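The values are calculated or read from the model by the stated rules, or taken from the named source; none is laboratory data. Source: prediction; values computed, not measured. With ideal geometry, Cβ positions are generated from the backbone for all residues, glycine too; neighbour counts draw on all protein chains shown.
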């Protein structure tokens, strides 16, 4: 008779932990004017802070160890951002994911209106390189093709992998 009661208590406790954990995970919204420092994310690849703190950033959020940032701007601003991104060291690959339509930014738990955006930067730790204990970062760009950025005017870096919507 005791085991069902213990199971019920254990299940209730697990639900509380999950709810509290979900609350803690969902508290990482970043305003457009929030400035990150090297102390906040020392594990980020060199050059990442400059990208994250770009004046073109309109929003961002974090889920556990994954960071998502959203930007809006001109084709020239995106070109400059792309060139800086292409020079990030310590990343698994440089990838641009093309997405159809117009972008909008809002965290999954956000309740306010979505903010229009043109491109996104996402970053998360990947596996350590073979023979190394140093974590490789996965940092990817996304570009909405229905927005203000004119892709035909963007000069793509030579080592950039471009993924189109039909390849996903």
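For first residues located in the stretch 38-49 and within 13 Å of residue 136 (Cα to Cα), partners that are crowded, with 16+ Cβ neighbours inside 10 Å and lie 6+ apart or on another chain with Cβ distances below 6 Å form the pairs 45/88; 45/90; 45/91; 45/137.
Answer with yes or no whether residue 45 is at pLDDT 85 or above, in a loop (DSSP other than H, G, I, E, B) and more than 16 Å from residue 115 (Cβ to Cβ). Explain how you work it out, then say what you get.
Values: at pLDDT 85 or above: yes; in a loop (DSSP other than H, G, I, E, B): yes; more than 16 Å from residue 115 (Cβ to Cβ): yes.
Against the criterion (at pLDDT 85 or above, in a loop (DSSP other than H, G, I, E, B) and more than 16 Å from residue 115 (Cβ to Cβ)), residue 45 qualifies.
Given the structure, is residue 52 modelled with pLDDT of 50 or more, exposed (fewer than 12 other Cβ atoms within 10 Å of the Cβ) and under 26 Å from residue 126 (Cα atoms)? No.
In contact with a helix residue (DSSP H, G or I) (Cβ under 8 Å, 6 or more places away or on another chain) and modelled with pLDDT of 95 or more - does that describe any residue in the stretch 82-94? So far as the stretch 82-94 goes, yes, one or more of its residues are in contact with a helix residue (DSSP H, G or I) (Cβ under 8 Å, 6 or more places away or on another chain) and modelled with pLDDT of 95 or more.
Can you list the strands (runs of 3 or more DSSP E) lying wholly within the stretch 50-160 that have 2 or more residues being touching a residue at least 40 places away in the same chain (Cβ under 8 Å) and closer than 24 Å to residue 39 by Cβ?
Details: elements: 57-63, 66-71, 95-99, 103-105, 115-117, 119-128, 135-144.
Those strands (runs of 3 or more DSSP E) span 57-63, 66-71, 119-128, 135-144.
Checked against the criterion of being farther than 27 Å from residue 46 by Cβ and within 16 Å of the chain's Cα centre (by Cα), the stretch 77-96 has no qualifying residue. Scanning the stretch 29-42 for residues that are under 23 Å from residue 115 (Cα atoms), loosely packed, with under 12 Cβ neighbours inside 10 Å and under 16 Å from the mean Cα position of the chain (by Cα) yields a count of 2.
Of the residues examined, residue 68 is not one that is closer than 18 Å to residue 148 by Cα and either modelled with pLDDT under 95 or crowded, with 18+ Cβ neighbours inside 10 Å (or both).
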